Amino acid sequence: MMNLPHQTNDSQMIQDDQTEAISQMKIGFIGAGNMAFGIAQGILTSGKVSPTNIIVSAPSMNNLPRFQERGVAITQVNEEVVERSAVVFLAIKPHLIQGVLYGISRCVTQQHIIVSMAAGVTIATLEELLPAKTRVIRMMPNLPCVLMEGALILTSGSCAGEKEETLLKNLLSPCGLVEAGPEHWIDAHTGLSGSGVAFVYVFAEALAEGAVKMGMPGALAQRIAAQTILVGSHAHLQYVPEYLN
């Protein structure tokens, strides 16, 4: 019993240290699409990182103004993002990975954490294209991250591990559920959480359609169907551990 206060204080100190480290962290995004914006917005809304500590690049100016409106630095030079960041998110399409990594490799050091969101691009490929001993994380988010209600899976490369995963879990927690695991989970996650959202839409439509056939106005039926799924999801999250254990 005498040790309990000491353990609580130690735990709080670790949490405070990590929060302070994140608040000072420089974060970069290569790619300025909806997923990059959703994740950046989650980080900013939480107050974990100041907008002055974030920089985003894209080849054109089309998507950059919305970042600039949040106080984030913008550039069209990927190398500038790497040089000004400790954590770099690769929010680009898979076919662009090789060219982008070739362009930034000379700027990447062992102090960087490179986080790829490119679907289908493996850890092995990323490590092959980056300098030796680069800390690589592969991450697969889903569309609801834009609403800060997403589900993200992380997997570490050979030079990254629990420390980097914990840091990213803390940083990305405002975007939704964040879990870490082996790389093969990412393919399962893509089907479950990526495509799964579409199945929920279909289910909601079916629920609402049944109510409409019984005389309920369509708009009201849609709202009640959505609320029903929301409540069911919350209950499922709350009780899932009980029947899985």
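Each Lys or Arg adds one and each Asp or Glu takes one away; over the other residues whose Cβ falls under 11 Å from the Cβ of Ala40, this sums to +2.
Sum -39500 (n - 2.57) across every DSSP H segment of at least 4 residues in the chain, then divide by the residue count to get the 222 nm mean residue ellipticity, nearest 500. Only helices count here, giving -15500 deg cm²/dmol. Exposure proxy for Phe89, Phe203, Phe37: other Cβ atoms within 10 Å of each Cβ, ordered fewest to most, give Phe203, Phe37, Phe89. What is the angle, in °, between the Cα long axis of helix 34-46 and the longest principal axis of the Cα atoms in the chain? Nearest 10 is fine, range 0 to 90. The answer is roughly 90 degrees.
When the Cα positions of Phe203, Phe67, Val231 are compared along the charge dipole of the chain, Phe67 comes out farthest toward the positive end, with charges on each C-beta of Lys, Arg, Asp and Glu.
Remark: the Cα gyration tensor places the stretch 189-244 in the oblate category, a/c being 1.5 or greater and a/b not exceeding b/c. Ranked by how many other Cβ atoms sit within 10 Å of their own Cβ, fewest first, the residues Val115, Val100 fall in the order Val100, Val115. Electrostatic tally near Ser173: other residues with Cβ closer than 14 Å to its Cβ, Lys and Arg +1, Asp and Glu -1, net -1. Considering only beta bridges that DSSP places wholly inside the chain, some 15 percent are antiparallel. This structure gives percent of Cα pairs over 31 Å apart, computed directly, and of (i) 28; (ii) 32; (iii) 21 that value is listed as (ii). Helix 218-244 and the long axis of the chain differ in direction by around 60°, with both axes built from C-alpha atoms.
What dipole magnitude, in Debye to the nearest 20, does the stretch 39-135 give about its Cα centre under +1 on Lys/Arg Cβ and -1 on Asp/Glu Cβ? If you can, show how the numbers build up before the last one.
Details: 8 positive and 6 negative charges, 39 e Å.
That gives the stretch 39-135 a dipole magnitude of about 180 debye.
Read-outs throughout are calculated quantities, based only on the coordinates presented, and are distinct from any laboratory measurement. Keep in mind that what you see is a predicted model, and the values were worked out from it rather than measured. As a convention, Cβ positions derive from the backbone with ideal geometry for all residues, glycine included, and neighbour counts pool all protein chains shown.
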